[in-house]
1. Give me the residue from segment 195-247 that is over 17 Å from A158 (Cα atoms) and of a type in the set (V, I, T) and, out of that set, modelled with the lowest pLDDT.
2. So which residues in segment 212-228 are touching a His at 6+ places or on another chain (Cβ under 8 Å) and closer than 21 Å to N258 by Cβ?
3. Specify the residue that is nearest to S117 (Cα to Cα); the eligible residues are those in segment 47-90 that are acidic (D, E) and in contact with a strand residue (DSSP E or B) (Cβ under 8 Å, 6 or more places away or on another chain).
4. Looking at V59, V41, V90 in this structure, which one is of a type in the set (A, V, I, L, M, F, W, C), outside the structural domain of H219 (by TED's automatic domain parsing) and loosely packed, with under 15 Cβ neighbours inside 10 Å?
5. Quick check, is S318 in contact with a His (Cβ under 7 Å, 6 or more places away or on another chain) and either outside any loop (DSSP other than H, G, I, E, B) or farther than 30 Å from D68 by Cα (or both)?
6. Tell me yes or no: at least one residue of segment 105-117 is on the phi > 0 side of the Ramachandran plot and touching a strand residue (DSSP E or B) at 6+ places or on another chain (Cβ under 9 Å).
7. List every residue pair whose Cβ atoms sit under 6 Å apart, with the two residues 6 or more apart in sequence or on different chains, where the first one lies in segment 115-138 and is closer than 20 Å to L224 by Cβ and the second, anywhere, is charged (D, E, K, R) and surrounded by 13 or more Cβ atoms within 10 Å (Cβ to Cβ).
8. Out of contact with any helix residue (DSSP H, G or I) (no Cβ under 7 Å at 6 or more places or on another chain), crowded, with 17+ Cβ neighbours inside 10 Å, small (G, A, S) and in a helix (DSSP H, G or I), is that true of A158?
Amino acid sequence: MKILIVNNTRIPAAKYGGTERMIWWLGKEFNRLGHEVTYLVAAGSSCPFAKVLVYDPLVDMNLQVPDDIDVVHFHFQVSNFTKKPYLINVHNNPGYGQQLDKNSVFVSADHAARHGSTVYVHHGLDPDDYPRPNLQSKRTHTHFLAKAAWRVKNVQGAIDVATQSGNKLIVLGGTRLNLKMGLRFTPNLNVKFKGMVDNEQKSVVLNTSKALLFPVLWHEPFGLAIIESLYFGCPVLGTPYGSLSELVKPEVGLLSNNRQVLVDGLKNIDAFNNRHCHDYAVENFTVKKMAQRYLDLYQRVINGESLNNIAPTLLEASPKYLPWNK
């Protein structure tokens, strides 16, 4: 199969780049399976296992897709594309009232259901991109992995949970802590901000972490940080919003929007088994599973099928910030 993967940013990801890493892993796995992969991505991109074309936002998409492609996999919203069979990944939370394409694919069952759809594919990581976890390593801290400046990610909640349970917290992600918008953070020995890190730097932190603190205040579409942390044997303590109830089963984490519940859970973090968290991630969230799910969807659109009977749209508007009981 000749597969075109389209995104409006550069590959490979220099630091975090969740979508960029997903499409890289996906293309590499397709290549391993014998498919011919081409990327249509932003200028400055490069790839050793696939052809790279430069995406131009000012040119009609129908004119940018090569004639010999079998299926196109978009990772941002497009309109009036008719040249080839295609599907569109929805990675974010579209606004209320926005009508999406019938060939939209979401990244969790909750993400899909909130838009009146049942079509989703879980993200899967590529173990080859990470050092092998040392599941017997001493666990010395907790971690927060998200863009710290986004208030919906609730870094202040993570700081509070770690501090009140007597644990150190390492904050990974973004270029700054959001010290505005009501955050009460003051520099102290319990919190260390490392900002944007590459996979190797991140892996060192995760490999000695007791838990991921992920008390998000929105409906998380998926949460790559969750499966990365589980892969390194870290249980997940977070809020029960969006995909979290779907991804974080009771044996690998604790979900509550009550800070004290998470504080108590962190004090008893040894109740979780690091090996089980790792095995759970490997069994459920790898690129091999993700690639096969997409190949099945590609075949459906190649056969002329619409993935959704009606255009998905957000069924119910959510508040800007979901409840967090301090």
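The values are calculated or read from the model by the stated rules, or taken from the named source; none is laboratory data. Keep in mind the model is a prediction, meaning the values are calculated, not measured. Methodologically, a virtual Cβ is constructed for each residue, glycine included, from the backbone with ideal geometry; neighbour enumeration extends over all protein chains shown.
1. The qualifying residue modelled with the lowest pLDDT is V197.
2. At the first step, the residues of segment 212-228 found to be touching a His at 6+ places or on another chain (Cβ under 8 Å) are 212-213, 219, 221-222, 224, 227.
Correct list: L212, L213, H219.
3. Keep residues of segment 47-90 that are acidic (D, E), which gives 56, 60, 67-68, 70.
If we keep only those that are in contact with a strand residue (DSSP E or B) (Cβ under 8 Å, 6 or more places away or on another chain) too, we end up with 68, 70.
Working: D68: 31, D70: 25 Å.
Once the filter is applied, the top-ranked residue is D70.
4. Working: V41 fails: loosely packed, with under 15 Cβ neighbours inside 10 Å; V90 fails: loosely packed, with under 15 Cβ neighbours inside 10 Å.
That would be V59, the only listed residue that is of a type in the set (A, V, I, L, M, F, W, C), outside the structural domain of H219 (by TED's automatic domain parsing) and loosely packed, with under 15 Cβ neighbours inside 10 Å.
5. Numbers: in contact with a His (Cβ under 7 Å, 6 or more places away or on another chain): yes; either outside any loop (DSSP other than H, G, I, E, B) or farther than 30 Å from D68 by Cα (or both): yes.
Against the criterion (in contact with a His (Cβ under 7 Å, 6 or more places away or on another chain) and either outside any loop (DSSP other than H, G, I, E, B) or farther than 30 Å from D68 by Cα (or both)), S318 qualifies.
6. Quick first cut of segment 105-117, residues on the phi > 0 side of the Ramachandran plot only: 116.
Imposing the further condition that a residue be touching a strand residue (DSSP E or B) at 6+ places or on another chain (Cβ under 9 Å) reduces the set to 116.
Yes: one or more hits.
7. Listed by first residue and then by second, the contacts come to V121/R293; G124/K289.
8. Values: out of contact with any helix residue (DSSP H, G or I) (no Cβ under 7 Å at 6 or more places or on another chain): yes; crowded, with 17+ Cβ neighbours inside 10 Å: yes; small (G, A, S): yes; in a helix (DSSP H, G or I): yes.
Taking the combined requirement at face value, the residue satisfies it.
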